[in-house]
Amino acid sequence: MTQAVLPTKAVENWEGIRDEWTASVEQLVGDAESWAGKQDWAVRREAKSIREDRLGQYTVPRLLIQATAGRLLLDPVARYVPGVLGVVDLYVLPSYDAVMISRADDGWRLHPIGPDDIAQPWSEKTFVHTALQLLATA
């Protein structure tokens, strides 16, 4: 049994913020899981433990995706990241080339490949398109 690690620099209402963040990550992973299934890509959820000074230690899901053209990993990074309300990365394996998925007040945004591309709202279309782009670069 693992021992809970409390925050070392707790923010006000840290438990509520942590719970809201983990629920948001759960929803994001659930979306990707569903959309990957529509592409006939196999998926496997794994638990990931994250430790942040402001929230302590908590567990969120990450998703391994086996597409026809290769493997992807949807991997939560942290809730506290400057300028956004959290970050999850989408990696292609084994190279670990990645795109960032950031969270703002109005929801998740996927930051596509390429310096001129603008962040797109999280949707089935942007997820599948970006996943296929990543797989093409592997």
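Odds and ends about this structure:
- Derived scalar couplings between HN and Hα for the range 83-92 equal x, 9, 9, x, 9, 10, 9, 10, 9, 9 Hz in order, rounded to whole Hz, by the Karplus curve 6.51 cos²θ - 1.76 cosθ + 1.60 (θ = phi - 60°), x for Gly and Pro.
- Long-range HN-HN contacts of Ala78 with modeled amide H, under 5 Å: Val87
- Range in the chain, longest, excluding exposed trypsin sites (Lys or Arg not before Pro) [loop by DSSP; at most 16 other beta-carbon atoms within 10 Å]: 55-138
- Estimated translational diffusion coefficient (Stokes-Einstein, Kirkwood radius over Cα pairs, 4 °C, 1.567 mPa s) of the chain: 83 µm² per second.
- Net charge, Ser123 excluded, C-beta distance under 14 Å - Lys, Arg +1, Asp, Glu -1: 0
- Sequence-ordered 3J(HN,Hα) estimates for the range 28-33 from the Karplus curve with 6.51, -1.76 and 1.60 and θ = phi - 60° stand at 4, 5, x, 4, 4, 4 Hz, glycine and proline given as x.
- Amide H contacts of Ala67: Leu72, each under 5 Å away and 5 or more positions distant or on a separate chain (H built 1.01 Å from N in the peptide plane; Pro and chain starts excluded).
- The range 1-78: GluC sites (Glu not before Pro) in DSSP coil with no more than 16 other Cβ atoms inside 10 Å: Glu12
- Along the axis of the charge dipole computed for the range 47-138 (Cβ charges of +1 for Lys and Arg, -1 for Asp and Glu, origin at the Cα centre), the listed residues Leu74, Val99, Pro61 are led at the positive end by Pro61.
Throughout, read-outs are computed from the coordinates displayed, never taken from laboratory work. Predicted model, so just to flag it, every value in this text is computed and none were measured. Don't worry about glycine lacking a Cβ; one is built from the backbone with ideal geometry, like all the others, and counts go over all protein chains shown.
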